[in-house]
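Student: I have a structure I would like to understand better, so I am pasting it below and will then ask my questions one at a time.
The values are calculated or read from the model by the stated rules, or taken from the named source; none is laboratory data. Because the structure is a prediction, the values reported are computed rather than measured. Virtual Cβ from ideal backbone geometry, glycine too; neighbours counted across all protein chains shown. For accessibility, only protein heavy atoms count, side chains too; no ligands or nucleic acids. Shrake-Rupley method; radii C 1.70, N 1.55, O 1.52, S 1.80 Å.
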Amino acid sequence: MELGRLRTLVLFAITLVIAAPAALASPLISVTVDATGTQQKLLRAHEVIPVKPGPLTLYYPKWIPGAHGPDGPITSLTGLKFEADGKTIPWQRDLLDVYTFHLEIPAGVTHLDARYDFIEPDGFSATEKLLDLDWSEVVLYPAGSPSQQLAYEAKLVMPEGWKFGTSLPVEKQSGNQVSFKPISLEMLVDSPVITGQYFRSIDITPAGEPIHHELDMVADSEVALNMSAENQKEMVNLVAESSKLFGARHYRDYHFLLTLSDHVAHFGLEHHESNDSRMPERALLLPSSGMSLGGLLAHEFVHSWNGKFRRPADLATPDFETPMETDLLWAYEGLTDYLGPMLAARSGLWTQEQYHEYLASIAAALGPGRPGRTWRPLLDTAIAEPGQGYGRGGWLNWRRGTDYYDEGDLLWLEVATIIHRESHGQKSIDDFCQAFHGGPNNGAEVKTYTFEELVSALNAIAPFDWAGFFHTRLNSTSADAPTGGIENGGWKVVMNSEPMKLQGRNGDPGDIYSIGLKVGSDGTVTDAIVGSPAFEAGVSSGMKVMGVNGRVYSHELLEDAIKAAKDSSQPVTLLVLSDDYFRTCTINYHGGDKFPHLLREADKPDYLDELIKPRAARN
Ligand SMILES: [Zn+2]
């Protein structure tokens with residue numbers, strides 16, 4: 001779709017929007033969440049809403065910022081009852097929208113009591129020992145006012161002895177009850193709370209930095225909170241490096257909220273003044289802890305500037321009911337996905353080699369690993385996010401998924417190298433970030449932008465045909481990954497038999513790029529690359545590999561067979577289970593292992609590594 005045409009639809013939104021209202025005009029809505037039933041996976045909420053007689057429409061949040069789709073967990077909203085002056089008020093759900101409730105408020109009534117429960121979805125936010133509370137899951141709000149103008153007074157009752165972390169300012173605390181200061185609905189939903197039996201808070205404010213930064217952690221065990229002194233230092237470096245990159249902050253203070261559990265969903269969600277990041281219980285105890293922290297926390301931290309403060313105009317909606325348009329996610333997520341790893345490398349969470357291997361892995365995943373790029377352009381992966389997202393049921397290589405992350409990373413690396421080239425080394429991506437994401441710190445604030453404004457901001461740093469560049473990259477159906485940034489940076493992507501040093505990233509790349517198969521440890525085929533030797537031999541997503549060359553399948557056996565076939569005319573033979581039928585697939589592949597790596601091109605200056613050198617003084 002033509003980008004220019006889309007922009008005209010959202011012109012109304014191109015204004016400066018202040019997320020934290022100067023004065024909360026509306027009467028306070030109070031919400032109390034009783035989380036003492038966390039272990040039973042049930043939260044009980046009581047909301048008191050000032051009302052006037054007549055029709056009233058209430059919404060349950062549907063489009064949650066950062067989730068990029070209409071997927072508020074409405075099926076978990078239960079036990080819904082309304083009362084006023086001791087009498088039950090009936091409700092009816094909207095015929096066209098399951099998130100909307102209609103009521104008729106009787107004469108004389110000034111306050112409505114809403115009581116409802118939230119069933120914690122299995123394996124998502126609550127365990128025996130902790131809770132990640134997103135207020136969007138436990139609030140109802142009246143239609144008719146922007147969420148930044150609705151004022152809420154929130155109270156949380158935690159299980160006995162649990163501690164908590166949040167960026168919400170506290171009004172008062174007594175025992176296991178905490179009341180927060182009145183705040184807009186927009187900022188309440190933007191300020192999750194983590195609470196748990198095992199809690200640790202670490203001050204990660206760099207020396208001389210005026211704004212407080214802390215890392216708040218909850219876990220399923222005490223030992224899981226043992227972040228190494230080295231990782232703590234690197235987190236301080238990350239905060240210091242963000243100051244050098246952006247030259248400004250747009251928050252009062254900042255909380256990294258980290259949950260360590262094998263019984264929550266593993267993802268991160270960005271907020272203005274915090275991020276809600278969730279990793280496996282023992283993530284901090286592994287040798288890969290820096291890689292994990294740098295991969296997730298740096299990305300979510302960057303979002304405070306790119307995504308929360310600077311936001312595509314059509315993603316900045318007035319409430320949680322208005323649909324978002326997601327065509328600029330390649331900037332919202334793509335630029336974040338480039339800057340996060342860059343900061344992770346600058347702060348020492350990632351080594352130079354890990355950064356190289358990471359770039360090689362995404363370049364390979366998008367080139368030979370993603371033939372879907374020949375029919376579906378990058379722009380469409382962003383536009384179709386609310387309906388398609390990650391896709392289900394395998395076939396990622398042919399459907400494509402959320403490629404605006406990884407491909408966005410390569411795209412913005414290329415932008416960084418073009419700024420350097422076109423300005424003859426006078427300007428860098430840091431200059432762009434300081435101009436685009438800088439300005440005074442007014443606390444949490446939203447400054448929207450359009451495609452044209454993004455292009456003119458780049459032009460102000462380094463004049464170039466940025467619009468043409470983006471149109472080409474966004475609409476391309478070339479099979480080749482956009483590796484221009486790597487090449488401009490003095491490196492190239494190569495495939496060879498040396499195994500990758502990034503364990504676990506994108507499955508087992510050797511299998512993918514040799515026979516074209518992504519296969520789990522139990523033999524389940526999660527992806528068979530369309531056109532690859534394995535696919536041509538009849539293997540596809542969802543089948544299960546039961547045997548390799550006449551023996552019961554193991555991953556090692558498959559690796560051995562691929563290596564052995566290199567020096568032989570014998571094919572690799574797989575016994576595959578498809579539904580409840582066996583099938584033998586004969587793979588005529590003799591190319592040996594193939595793993596992606598970056599290789600230095602000696603005749604070009606090494607700008608790639610220049611970009612990841614530390615900028616800030618070490619504490
Ligand atoms: Zn993101």
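Student: Can you tell me the length gained on complete extension of the stretch E601 to S179, counting 0.36 nm per residue apart and subtracting the Cα distance?
Tutor: Gain on extension, E601 to S179, equals 146.0 nm.
Student: Given the options L611, T336, A283, identify the residue whose Cα lies farthest towards the positive end of the charge dipole of the chain (+1 on Cβ of Lys, Arg; -1 on Cβ of Asp, Glu).
Tutor: Of the options given, the answer is L611.
Student: Can you check what the net charge comes to around A561, using other residues whose Cβ is under 13 Å from the Cβ of A561 (Lys, Arg +1; Asp, Glu -1)?
Tutor: Combined, the nearby Lys, Arg, Asp and Glu give -3.
Student: Output ³J(HN,Hα) for region 142-149: one whole-Hz value per residue in order, computed from phi by the Karplus curve 6.51 cos²θ - 1.76 cosθ + 1.60 with θ = phi - 60°, and x for Gly and Pro.
Tutor: For region 142-149, the Karplus curve yields x, 5, x, 10, x, 5, 6, 9 Hz.
Student: Ok, one more. Using a 1.4 Å probe on the protein chains only, how many percent of the accessible area of the chain belongs to carbon and sulfur?
Tutor: Here carbon and sulfur together make up 52 percent of the probe-accessible area.
Student: Separate question: Treat every Asp and Glu Cβ in region 460-619 as -1 and every Lys and Arg Cβ as +1, leave all other atoms uncharged, and give the resulting dipole magnitude about the Cα centre to the nearest 20 debye.
Tutor: With only Lys, Arg, Asp and Glu charged at Cβ, the dipole is about 340 debye.
Student: Same structure, new question: Can you check what the net charge comes to around V576, using other residues whose Cβ is under 15 Å from the Cβ of V576 (Lys, Arg +1; Asp, Glu -1)?
Tutor: Charge balance in the 15 Å sphere: -2.
Student: Describe numerically, in nm with one decimal, the distance between label points set 7 Å from Cα along Cα→Cβ at T110 and at N442.
Tutor: 3.5
Student: How large is the accessible surface of V223 in square angstrom, using a 1.4 angstrom probe and rounding to the nearest 10?
Tutor: Accessible area, nearest 10 Å²: 70 Å².
Student: Which one of G592, N475, W350 is farthest out on the positive end of the charge dipole of the chain, using unit charges on Cβ (Lys, Arg +1; Asp, Glu -1) and the Cα centre as origin?
Tutor: Towards the positive end, the residue furthest out is N475.
Student: In deg cm²/dmol and to the nearest 500, what is the mean residue ellipticity at 222 nm of the chain if only DSSP H runs of at least 4 residues count, each as -39500 (n - 2.57), divided by the residue total?
Tutor: -7500 deg cm²/dmol
Student: On average, how much accessible surface per residue is there in the chain, in Å², for a 1.4 Å probe, leaving out ligands, DNA and RNA?
Tutor: The answer is 39 Å² per residue.
Student: If you don't mind, there's one more thing I want to ask. What FRET efficiency do you get for V223 and E128 if R0 is 25 Å and r is their Cβ-Cβ distance, rounded to the nearest 0.05?
Tutor: Working from the Cβ atoms, E equals 0.95.
Student: If every alpha-carbon in the chain counts as one equal scatterer, what log10 I(q)/I(0) does Debye give at q = 0.06, 0.08 1/Å?
Tutor: -0.35, -0.62
Student: Helix 555-566: angle to the longest alpha-carbon principal axis of the chain, degrees 0 to 90, nearest 10?
Tutor: Approximately 30 degrees, to the nearest 10.
Student: Describe numerically, in nm with one decimal, the distance between label points set 7 Å from Cα along Cα→Cβ at A143 and at L286.
Tutor: About 4.7 nm separates the two model spin labels.
Student: Quote to one decimal, in nm, the extra length available between K172 and D560 on full extension: 0.36 nm per residue of separation minus the C-alpha distance between them.
Tutor: Roughly 133.4 nm would be gained on extension.
Student: On to the next question. Given Cβ point charges of +1 (Lys, Arg) and -1 (Asp, Glu) and nothing else, what value in debye, to the nearest 20, does the dipole of region 19-174 about its Cα centre take?
Tutor: 220
Student: A further question follows. At 1.4 Å probe size, what's the solvent-accessible area of L28? Round to the nearest 10 Å².
Tutor: Rounded to the nearest 10, that gives 70 Å².
Student: Related question: Just subtract the alpha-carbon distance of D203 and K52 from 0.36 nm times their residue separation and send over the number in nm, one decimal.
Tutor: Once the chain is fully extended between D203 and K52, it gains 49.7 nm.
Student: Still on this structure, please answer the following. With charges set only on the Cβ (+1 for Lys and Arg, -1 for Asp and Glu), what does the dipole of the chain come to about its Cα centre, in debye to the nearest 20?
Tutor: In total the dipole reaches around 240 debye.
Student: Between T88 and T36, what is the spin-label point distance in nm, taking each point 7 Å from the Cα along the Cα→C-beta axis?
Tutor: The answer from the label model is 2.6 nm.
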